[in-house]
Amino acid sequence: MKDKLNTLFSKCEGPIHITYNAHKDCYEPIEKYLSEEKAQLEEIDEKLRKEIIQKDSLIEIQIYPDTPIGFYKIYHWDLEKAVDEALECLD
């Protein structure tokens, strides 16, 4: 995992944000938090969305590969799988 994170860090010229369970900052149910992420909802596979809700666990990775403007945002319940998806965006 450490090697994957280091690879991710080295491939991005802009910032990288990794967030775990942001919905718990304001005591929100995960379903409500996901519904408020309207711009990204269609990018979350329905099966994955159900797993995130069932596990009440949400990893968000936002990466800026080339500039501080354009970014990718990855959602998952598993950190390593989220990092793998982020790396795939950069290939």
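Straightening the chain between Glu43 and Glu80 buys 11.4 nm, computed as 0.36 nm per residue apart minus the Cα-Cα spacing.
Straight-distance candidates among the aspartates and glutamates for linking to Lys2, with alpha-carbon spacing under 13 Å and chain neighbours fewer than 8 residues away dropped: Glu80, Asp84. Could you pull out every one of the lysines with an alpha carbon less than 30 Å from that of Lys4, ignoring same-chain neighbours closer than 8 positions? Those lysines meeting the cut-off are Lys24, Lys38, Lys47, Lys50, Lys55, Lys73, Lys81.
If we count every other residue with Cβ under 14 angstrom of Val83's Cβ, Lys/Arg +1 and Asp/Glu -1, where does the sum land? Could you put the intermediate results ahead of the total?
On the way: positive: Lys2, Lys4, Lys11, Lys73, Lys81; negative: Asp3, Glu60, Asp78, Glu80, Asp84, Glu85, Glu88, Asp91.
Computed value for this residue: -3.
The convex hull around the C-alpha trace of the chain, projected and averaged over every direction, spans 6.0 square nanometres. Ignoring aspartates and glutamates fewer than eight residues from Lys32 along the same chain, the ones with Cα atoms less than 14 angstrom from its Cα are Asp56.
Here the range 1-36 and the range 70-88 have alpha carbon centers that stand 8 Å from each other.
Read-outs: derived from the displayed coordinates by stated rules, not from any lab. Everything numeric here is computed off the predicted structure, so don't read it as measured data. FYI the Cβ positions are ideal-geometry reconstructions off the backbone, even for glycines, and counts take in every protein chain you see.
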